[in-house]
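Beneath this line is the structure, given in structure tokens, with notes to follow.
The values are calculated or read from the model by the stated rules, or taken from the named source; none is laboratory data. These numbers were taken from a predicted model, which means no experiment stands behind them. Cβ coordinates were reconstructed from backbone atoms using ideal geometry, including for glycine residues, and neighbour counts include every protein chain displayed. Accessible surface is based on the protein model in full, side chains and every heavy atom, while ligands, DNA and RNA are left aside. Shrake-Rupley method; radii C 1.70, N 1.55, O 1.52, S 1.80 Å.
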Amino acid sequence: MADLWWIYSKPVPADSRELWTLFVQCSCITAVIGGLFYNWMFASLEYSRHLSLAVAISFSLLLLLTLFLVHPARCVFSMIMPTLGTKQGRKLLFSTCIMIAVVNITPNIIGNIKTILQVIKCICKNSSDSLLNSTALLEKVSWEFGDAVQETIHSIYKPMNGHFRFSLLQNSSLIYQKMHLAGEKISREFLSVEVLVKDSIRVANRLAAGFFMLYLCFESTWYLKNYLTDLRFDNFYITERLERLAADRKAPHLLGGSSKKLLRPTGWKLSWEEVMLCLVQAMLVTVALLLMLVVVAMEHFAFSVAHTAVRKAAQFSAVPVTLSIKYKVSAGLACPALPGDPTLCHFRELKLLLGDFNRTYHHQLIFSSAQCRISPPTAPNPSVLLVLGLLFCILYGTVFLETFARRLCRGIAASFFQGCEEMRVLYLYRKLCRRHSKE
């Protein structure tokens, strides 16, 4: 492995064997990266299969030529891998989490809301149908009551017409048509909103993913540029070369107590600045996690409401309606006593029973029916939650591994540009010597 890395990091191969070894290494790397790039475009960014395949092949060929011919490009590409463990890699993982939520969680929420609306539509349709049927009962009651009024004992008291005129809507197709049009309008609006939301987030995620990838390459290039041009940049590590230089010049005490800020690149010790940076980044990841948990909670809440609505709608019982009519008619003649002679009137009041109507009618209001087309609620996919959980575990891991990823970037740059590393080690040694002289 050391020999392969030596050939890979050399500016120019020494012979044909190293040249072919470098070509095979670059080919293997581009094949793996091309496959990952295709899967990222097709599965995560939701590009078409043909476009993803064409872009992945073109990208792989271009990457192969660049890695094989350009030595600094190999260094930048090698530093991209550990840079994925920094904040730029976290941005890509955030983008992946957002896309997973858009593709899997958002349609689930909208589908469950549609189920709730279907339940409401079904209840409105059946209740209105049952209410219209109740008008037929009212018509029957009115005619029977009218007939009873007509059937009086004495025709002198009979009304001209005992039937009530009740306006009954016989054709209910107009109401059904209006309800159907209203339901279709609501469905179209929800569908348009769903498509708009998905397309907007998909386009935004694609733009963000492309920007993050370009910025990832830019950050690696920026690190290499500062490494090659600024001797003070990221130069506070006790490397093996610095230890050898101090031992050769008989000054190993410089690495002991002269500076407490020096760190070993392979050690686990973190400086105070690195610890504070990790805490800040962990807080940002926690905020993103809380936002994602809100979306997941909305999905579970929508499913719970839809499941309860469907279950309760199936359990709706018919509501009994009772109409009781009690009607009693009597007629009387009153004869007031004449003043001065009370014997001229033989009765004070005469009552005649003309009719008695006492009936009870029953009807049922139905709110749900088995003929309603209600799509079943969609439960949250546990595999999506598992993937999101793993991604956030990786995000928290990158928070604490970011410092070591930067140390690895420095080691990669040092292996590619060993002459510059010698200059940087010499600069740090002289800086330590000046500080020791002042002390």
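Miscellaneous remarks
- Scanning the stretch 396-420 for residues that are hydroxyl-bearing (Ser, Thr, Tyr) and closer than 22 Å to Thr229 by Cα, we see that the one that is least open to solvent (accessible area, probe 1.4 Å) is Thr403.
- Criterion violated by His50 - all others in (1) more than 28 Å from the chain's Cα centre (by Cα); (2) more than 22 Å from Leu92 (Cβ to Cβ); (3) surrounded by fewer than 16 Cβ atoms within 10 Å (Cβ to Cβ) satisfied: (1)
- Filtered residues of the stretch 271-291 (kept if without any contact (Cβ under 8 Å) to a residue 40 or more places away in the chain and β-branched (Val, Ile, Thr)): Val275, Val280, Thr286, Val287
- Of all residues in the stretch 20-47, those being surrounded by 14 or more Cβ atoms within 10 Å (Cβ to Cβ), farther than 26 Å from Val384 by Cβ and not hydroxyl-bearing (Ser, Thr, Tyr) number 7.
- Residue that is modelled with the highest pLDDT [pool: residues in the stretch 297-352 that are in a strand (DSSP E or B) and of a type in the set (Gly, Ala, Ser)]: Ser324
- Where helices (runs of 4 or more DSSP H) fall wholly inside the stretch 66-182, the ranges with 3 or more residues that are of a type in the set (Ser, Thr, Tyr) and modelled with pLDDT of 70 or more are 106-150.
- Considered as a group, the residues in the stretch 299-316 that are without any contact (Cβ under 8 Å) to a residue 40 or more places away in the chain and under 24 Å from the mean Cα position of the chain (by Cα) include one that is farthest from Ile116 (Cα to Cα), and that residue is Phe301.
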